[in-house]
Structure formats: structure tokens, C-alpha cells
Amino acid sequence: MARIIKALSGLLRALFDRVNHCGILLRLRGGDKMSKMLTLREVSESLGLHINTIRNYVKQRKLRAVMFGRVWRVSEKEVVRVRRQGVEK
């Protein structure tokens, strides 16, 4: 029984990841809220920073991002956090 549940859980996770990739929505851990995912260009326009600055923040882990295929995505909540608190130095 445990193996079946584990297998189904893996299938559902893979299916959900596929939907996230296409729908650009991500279910955050620990909650039922959906958060819109933005491209780095959208984040740069929103924060008024150059896209290379945003890329550097992601690379330095100052800005949390997830890679879908070849494209980095940042949650709207993360953009709001950075707008309020700024990036960690």
C-alpha cells in the first residue's frame, strides 16, 4: 500500500510540475495559495533594475528563483519581499 501511495504521489508531482511549467503557477509549500511566476525581464521592469542585475541577484541567491526548462521564474511574493526589504547584502 505504501509503495502505491508513493508511486501515485510521484506521478501527481510530475503532472503538477508539468502544469506549472505551462501555466506558470506554482503551489507554494505549506499553503494552498497560488503565486504568479514572473520572468526575469518582468521582475527587472517591476523593480526598475537592469535585467543583468536581476540575473546577478539570482546567481548570488539574493533573489529566490526557480528554473522551468531554460527560463528563470520568480514568484510575485518574492518580488514584493524584495521591494519591501531590499536584497540581502
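The values are calculated or read from the model by the stated rules, or taken from the named source; none is laboratory data. All values derive from a computational prediction rather than experimental measurement. Counting neighbours? That spans all protein chains shown, and the Cβs are built from the backbone with ideal geometry, glycine included.
Tell me which residues, restricted to the stretch 54-83, are aromatic (Phe, Trp, Tyr) and at pLDDT below 90.
Phe68
Give me the pairs, please: first residue somewhere in the stretch 57-78 and touching a residue at least 40 places away in the same chain (Cβ under 8 Å), second residue anywhere and of a type outside the set (A, V, I, L, M, F, W, C) and part of a strand (DSSP E or B), beta-carbon distance under 7 Å, and either six or more positions apart or on two chains.
Val66/Arg73; Arg73/Thr39; Ser75/Ser35; Glu76/Ser35; Glu76/Lys36; Lys77/Ser35
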